[in-house]
Amino acid sequence: MFLFDPFFWEVVISGLLAGVMYALVALGFVLIFKASGIFNFAQGVLALFAALTLVGFQTGQIPFAHLLEALFGLHASHWGEGMNTVLALFLSLVVMIGLAWLIVKIVLRPLVNQEGIILFMATIGLAFVLEGVGDLMWGANVKRLDVGLPEGPSDFLLDNTGMFIEKLEISAAVVAIILVVTLMIFSQYTKMGRALRAVADDHQAALSVGISLETIWWVVWSISGLVALVAGVMWGAKSGVQFSLSLIALKALPVLMLGGFTSIPGAIIGGLMIGVGEKMFEFYIGPMIGGATENWFAYMLALLFLLFRPQGLFGEKIIERV
Amino acid sequence: MIYREAGDFKTTYKADQDTFPIRFDRVAFWLSIFVVALIIPFFVNDYWEKAVFLPFFIYAIAAIGLNILTGYCGQVSLGTGGFMAVGAYSSYKLMTSFPSLDMFVVVILSGFVTAVVGIIFGMPSLRIKGFYLAVATLASQFFLVWLFNKWEWTYNYSATGQITAPERDFLGIVVTGAYSDPWATYIFCFGFLFIFGWMARNLVCGHIGRSWMAIRDMDIAAEIIGVNPLKAKLSAFAVSSFYIGVAGALYFAVWLGAAEPTEAFSIDKSFDVLFMIIIGGLGSMTGSLIGAAFIVLLPVTFKTLLVGFLGWPTDIAEFIQIILIGSLIIFFLIKEPHGIAALWRTLKQKLRLWPFPH
């Protein structure tokens with residue numbers, strides 16, 4: 001009976017944990033899409049940028065060291081020993097908030113009222129800029145990120161059940177759950193949260209009761225900056241901080257399709273479903289057809305679901321009028 | 001002033017439907033075709049051919065293809081890289097299985113193969129719309145690239161998993177492989193661009209093009225006035241994939257000569273082509289050409305400028321190039337969301353009335 005097979009449960013649990021990570025990235029998309037109707041392709045690069053900044057602060061790198069060397073011949077790459085993790089996290093968050101302000105002012109403000117595809121393209125342009133700036137500031141080499149999270153397999157589970165589960169993934173899941181709950185409370189019980197929901201509901205009505213769109217957008221982009229930072233830390237601690245980190249955005253897209261672009265619970269449940277589905281498929285069917293199915297399986301699964309529910313599992317029903 | 005329509009009278013309906021209604025445009029168009037087709041081939045060298053002209057021609061074909069789907073029919077697609085891979089791999093299979101086949105036939109047949117694949121992946125478009133569809137087309141991108149990595153038959157069981165274009169000719173002139181002359185490949189690719197550009201222009205002006213545009217503008221309304229959405233959407237997917245397949249075949253066989261799916265047909269290709277049509281102008285043939293020129297020439301120019309003239313290290317030049325391209329995209333979107341083609345139209349409108357704007 002497969003239910004008693006520890007391998008089966010190992011696959012399910014590691015799928016669930018991976019799903020939490022996908023959900024984390026997808027969450028950043030949903031927040032921005034709800035509040036401003038922007039399909040933010042830069043979310044993955046945002047996570048990369050946040051992780052690069054964090055590592056830079058932690059290890060005490062001088063920003064733009066390469067460029068300074070090329071321009072003025074300065075041969076310094078570090079200003080000191082670096083700082084402790086908490087301070088570095090805080091400073092990175094400040095940088096992300098500042099970045100959110102810049103994005104809203106420079107990119108989004110002039111593009112108000114444009115079609116979705118134009119805004120989508122603008123965020124791809126933004127992704128290019130951020131990628132270039134991040135690499136130029138902190139260098140493009142692969143960096144190790146250590147924020148003091150436990151590593152290695154969990155001994156407790158290994159001894160008692162024979163399952164091999166990374167401690168890091170468990171703590172990532174815990175952090176993600178805390179983050180999601182905090183966001184839920186923020187959006188349900190605070191004044192700013194109510195304003196956010198109002199904007200998500202109807203831009204014009206929100207404007208007419210005196211909510212400043214620009215402030216809301218800034219807050220939303222800051223929050224997704226925070227989500228990007230958390231996602232960047234988790235993925236960075238797992239596989240190093242490098243360019244491929246920005247590709248997690250591509251992992252989050254099928255999650256969005258499955259859960260619906262506008263639903264926060266959808267992002268979470270979609271993430272879990274895709275995480276488990278992907279791992280099961282790779283484990284049981286992958287070897288038969290050559291493996292490495294993780295790249296496309298999620299998309300195919302989402303596509304199948306969409307054929308039956310074109311707005312995703314939890315998306316708002318699409319009503320079309322002529 | 002040279003640019004005006006006074007005295008440019010039409011006496012037949014045919015003349016009125018001309019692609020270039022103003023005589024100046026017509027003359028300029030044929031003059032530039034003359035220069036590009038009959039003068040440049042005598043001077044083109046290996047560097048210009050490989051770095052500028054071939055990429056421009058090939059991406060222009062792909063951009064026209066994607067513009068048919070996205071610009072004229074309103075279905076956003078991010079699967080361009082995957083479809084280019086289908087074109088490339090089918091041309092490889094055709095070249096190796098039928099060595100005596102003319103290269104022209106090979107490219108056209110690969111286009112048809114891609115069209116069939118495009119129809120299959122276009123089916124969800126009947127049910128899914130907007131961004132959901134855009135993300136759904138990513139499925140084709142990832143799935144196709146994975147397929148060409150894993151399915152050994154497609155690369156003839158070669159140990160490296162790479163495909164290399166053997167030497168094949170077009171009417172006796174070698175156009176692929178290491179010993180092809182720059183002028184031959186130049187003319188070959190330009191010929192495709194000219195023929196298919198001309199065909200696309202006529203397609204979008206005709207019945208089928210109008211049904212695409214009706215679907216783009218509002219699909220429900222189009223359905224009510226009698227446009228068949230199944231036919232319109234799937235034909236757009238088929239024609240667009242045909243073009244992209246042709247571009248993919250040329251990209252692999254004529255330009256690169258060798259390819260490996262993960263690198264050569266990555267998702268970056270899809271984005272590049274999408275950039276081209278957005279920056280150039282959605283729903284505009286000139287726009288596809290301008291966009292292709294923009295995206296192809298920009299990196300080459302920056303590289304020559306920063307590395308060649310200023311002598312900066314290549315990695316820094318590369319980062320700065322990414323930043324500049326990204327900012328230019330944002331800048332153009334802010335200044336003219338309808339693309340450079342729209343800017344060009346405004347300019348022409350102004351020139352017509354110049355120097356008396358009122």
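The values are calculated or read from the model by the stated rules, or taken from the named source; none is laboratory data. Keep in mind the model is a prediction, meaning the values are calculated, not measured. So basically every Cβ, Gly included, is an ideal-geometry build from the backbone, and we count neighbours across all protein chains shown.
Descriptive notes on the structure:
- Scanning segment B:167-209 for residues that are small (Gly, Ala, Ser), without any contact (Cβ under 8 Å) to a residue 60 or more places away in the chain and closer than 17 Å to B:Pro99 by Cα returns a single hit, B:Gly172.
- Only listed residue being closer than 30 Å to B:Cys205 by Cα and modelled with pLDDT under 85, chosen from B:Glu260, B:Glu336: B:Glu336
- Screening B:Leu256 against (1) farther than 30 Å from B:Ala159 by Cβ; (2) touching a helix residue (DSSP H, G or I) at 6+ places or on another chain (Cβ under 9 Å) leaves a single unmet condition, (1).
- Only one entry in B:Gly65, B:Gly74, B:Gly87, B:Gly82 is at positive phi and touching a residue at least 12 places away in the same chain (Cβ under 8 Å), namely B:Gly74.
- Qualifying residues in segment A:9-23 (those that are within 13 Å of the chain's Cα centre (by Cα) and closer than 18 Å to A:Leu313 by Cβ) - the one nearest to the other protein chains (Cβ to nearest Cβ): A:Tyr22
- Of the residues making up segment B:258-268, at least one is crowded, with 18+ Cβ neighbours inside 10 Å, more than 14 Å from chain A (Cβ to nearest Cβ), in contact with a strand residue (DSSP E or B) (Cβ under 7 Å, 6 or more places away or on another chain) and of a type in the set (Gly, Ala, Ser).
- Subset of segment B:65-83 (residues that are within 11 Å of chain A (Cβ to nearest Cβ) and in a helix (DSSP H, G or I)): B:Thr70, B:Gly71, B:Gly82
- Just one of (1) of a type in the set (Ser, Thr, Tyr); (2) over 25 Å from B:Gly339 (Cβ atoms); (3) touching a Leu at 6+ places or on another chain (Cβ under 7 Å) fails for B:Ser77. It is (2).
- If you filter segment B:64-103 down to residues that are small (Gly, Ala, Ser) and under 23 Å from B:Pro182 (Cα atoms), you find that the one that is surrounded by the fewest Cβ atoms within 10 Å (Cβ to Cβ) is B:Ser100.
- Some residue of segment B:299-319 being of a type in the set (A, V, I, L, M, F, W, C), more than 8 Å from chain A (Cβ to nearest Cβ) and under 20 Å from B:Ala63 (Cβ atoms): yes
- At least 2 residues being under 16 Å from A:Ser224 (Cα atoms), out of contact with any strand residue (DSSP E or B) (no Cβ under 7 Å at 6 or more places or on another chain) and modelled with pLDDT of 85 or more is the threshold, and among the helices (runs of 4 or more DSSP H) wholly inside segment A:42-145 those reaching it are A:43-59, A:85-102, A:116-138.
- Residue list for segment A:235-281, filter: farther than 17 Å from A:Gly28 by Cα, surrounded by fewer than 20 Cβ atoms within 10 Å (Cβ to Cβ) and modelled with pLDDT of 80 or more: A:Val276, A:Gly277, A:Met280, A:Phe281
- Matching residues, segment B:271-292, being within 11 Å of chain A (Cβ to nearest Cβ) and of a type in the set (Val, Ile, Thr): B:Ile277, B:Ile278, B:Ile279
- Of all the residues in segment B:126-138, those that are surrounded by 22 or more Cβ atoms within 10 Å (Cβ to Cβ) and touching a residue at least 60 places away in the same chain (Cβ under 8 Å) number 2.
- Conditions (1) at pLDDT below 90; (2) buried (at least 20 other Cβ atoms within 10 Å of the Cβ): number failed by B:Ser158: (2)
- Filtered by the rule that a residue be at pLDDT below 85 and away from chain A (no Cβ under 14 Å), segment B:104-148 gives no residues.
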